[in-house]
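What follows draws every value from the coordinates through simple rules; no lab data is involved. As the structure is a prediction and not an experimental result, all values here were calculated from the model. Note that we place each Cβ from the backbone using ideal geometry, even for glycine, and neighbour counts take in every protein chain shown.
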């Protein structure tokens, strides 16, 4: 149970930080929220990204099978990462409205 809670917190903080830095550098507030589903696919599918281009039939079938195997705990942890990216977007917007110019 402790690992579950720590994983949720860790994913939230990691993706909040990544999204915050990405938002500051490219000045696109919601870019990480758009990229996040692709990151989830890379985490869950356990397939080389190149195989999606070289063997698309195998790769998409394997990815779909892996997505049906994820548990509620996995969904919760990955969801915490997505919430972190969303919160980061709101924080960046608030800071920009408050007069802070990020890079």
Segment 56-95, residues that are in contact (Cβ under 8 Å) with a residue 60 or more places away in the chain and farther than 12 Å from residue 20 by Cα: 73, 76, 77, 78, 80, 81, 82, 83
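Do you know which residues across segment 19-33 are over 9 Å from the mean Cα position of the chain (by Cα) and part of a helix (DSSP H, G or I)? Show your work before the answer.
Kept after step one, since they are over 9 Å from the mean Cα position of the chain (by Cα), are these residues of segment 19-33: 20-31.
If the condition is that a residue be over 9 Å from the mean Cα position of the chain (by Cα) and part of a helix (DSSP H, G or I), then 20, 21, 22, 23, 24, 25, 26, 31 are the ones that fit.
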Single match in 4, 53, 67 (criterion: under 19 Å from residue 83 (Cβ atoms) and either loosely packed, with under 15 Cβ neighbours inside 10 Å or under 17 Å from the mean Cα position of the chain (by Cα) (or both)): 4
Enumeration of residues in segment 41-50 that are assigned to a helix (DSSP H, G or I) and surrounded by 17 or more Cβ atoms within 10 Å (Cβ to Cβ): 45
Conditions (1) in a helix (DSSP H, G or I); (2) farther than 17 Å from residue 89 by Cβ; (3) under 17 Å from the mean Cα position of the chain (by Cα); number of the one not met by residue 15: (2)
